1. For Ser60, indicate whether it is surrounded by fewer than 16 Cβ atoms within 10 Å (Cβ to Cβ) and either acidic (Asp, Glu) or more than 21 Å from Gly178 (Cβ to Cβ) (or both).
2. Given the conditions (1) assigned to a loop (DSSP other than H, G, I, E, B); (2) surrounded by 14 or more Cβ atoms within 10 Å (Cβ to Cβ), and given that Val157 satisfies all but one, which numbered condition is not satisfied?
3. Every residue in region 21-47 that is of a type in the set (A, V, I, L, M) and more than 15 Å from the chain's Cα centre (by Cα), please.
4. Can you tell me which of (1) crowded, with 17+ Cβ neighbours inside 10 Å; (2) modelled with pLDDT of 90 or more; (3) closer than 21 Å to Arg184 by Cα is the one Asp80 doesn't meet?
5. Could you say whether any residue in region 8-18 is under 23 Å from Arg126 (Cα atoms), at pLDDT below 90 and either of a type outside the set (Val, Ile, Thr) or not in a loop (DSSP other than H, G, I, E, B) (or both)?
6. How about region 167-178: which of its residues are in contact (Cβ under 8 Å) with a residue 12 or more places away in the chain and either in a strand (DSSP E or B) or within 30 Å of Val27 (Cα to Cα) (or both)?
7. Mind counting the residues in region 101-134 that are basic (Lys, Arg) and surrounded by 19 or more Cβ atoms within 10 Å (Cβ to Cβ)?
Amino acid sequence: MKKIINRIKTICLEFDVMILHCISDHVVCHCVRRFFYRLEGMKIGKGSTLHMRARFYNPSKIKIGDDSIIGEGTVLDGRDRLVIGNHVAIASDVAIYNCEHDINDSNFKAVCASVVIEDYVFIGPRAIVLPGVKIKQGAIVAAGAVVTKDVEKDSIVGGVPAKQIGTRNIKNLNYKLGRAAWFR
């Protein structure tokens with residue numbers, strides 16, 4: 001009986017995610033999309049925006065702070081806790097995962113760990129963030145980087161796997177990302 005109930009819950013979640021994908025692909029006004037994302041349990045702070053074609057896995061475990069921008073085609077995995085801070089800029093086609101398969105398990109089971117992205121972080125286009133990672137305040141992730149471990153405050157990382165390639169010089173971060181593009 002427990003197996004049947006779990007399967008029904010999974011089907012319902014898959015249906016909800018499918019509806020959100022349709023909304024993300026076809027509703028051009030970000031205010032309307034944000035309304036539906038919140039309806040599904042996603043926490044979205046004041047002034048934050050998610051551009052079109054975003055993809056989610058269980059949006060109810062995703063929390064986005066104030067004045068953050070999530071780019072087109074971004075994947076946000078909510079199968080475990082995903083926290084995105086304030087004034088975070090995530091470019092297009094970024095993938096943030098908090099579950100992966102255990103390749104050494106005979107059943108190929110899922111292993112999940114939360115992902116935390118602190119305030120004033122920038123993640124460049126097509127970067128990938130893997131489960132269990134914490135990206136600390138002010139860090140920069142270069143385009144195409146694969147982040148497999150924590151990124152220190154004000155670090156600039158790049159490569160596969162991501163390694164520190166520099167340090168952000170400005171220490172007093174207090175910028176605002178600005179007004180969202182309404183129809184993107």
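The values are calculated or read from the model by the stated rules, or taken from the named source; none is laboratory data. Owing to the predicted nature of the structure, the values given are computational and were not obtained by experimental measurement. With ideal geometry, Cβ positions are generated from the backbone for all residues, glycine too; neighbour counts draw on all protein chains shown.
1. yes
2. Going through (1) assigned to a loop (DSSP other than H, G, I, E, B); (2) surrounded by 14 or more Cβ atoms within 10 Å (Cβ to Cβ) one by one, Val157 breaks only (1).
3. Ile23, Val27, Val28, Val32, Leu39
4. Evaluating Asp80 over (1) crowded, with 17+ Cβ neighbours inside 10 Å; (2) modelled with pLDDT of 90 or more; (3) closer than 21 Å to Arg184 by Cα leaves (3) as the failure.
5. Checked against the condition, which is being under 23 Å from Arg126 (Cα atoms), at pLDDT below 90 and either of a type outside the set (Val, Ile, Thr) or not in a loop (DSSP other than H, G, I, E, B) (or both), region 8-18 yields at least one hit.
6. Thr167, Tyr175, Lys176, Leu177
7. 0
Results for (1) among the acidic types (Asp, Glu); (2) at pLDDT 95 or above; (3) within 20 Å of Lys61 (Cα to Cα), shown as yes or no for each residue.
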site: Ser106; (1), (2), (3): no, no, no
site: Val115; (1), (2), (3): no, yes, yes
site: Asp119; (1), (2), (3): yes, yes, yes
site: Ala127; (1), (2), (3): no, yes, no
site: Ala139; (1), (2), (3): no, yes, no
site: Gly144; (1), (2), (3): no, yes, no
site: Lys153; (1), (2), (3): no, yes, no
site: Ile156; (1), (2), (3): no, yes, no
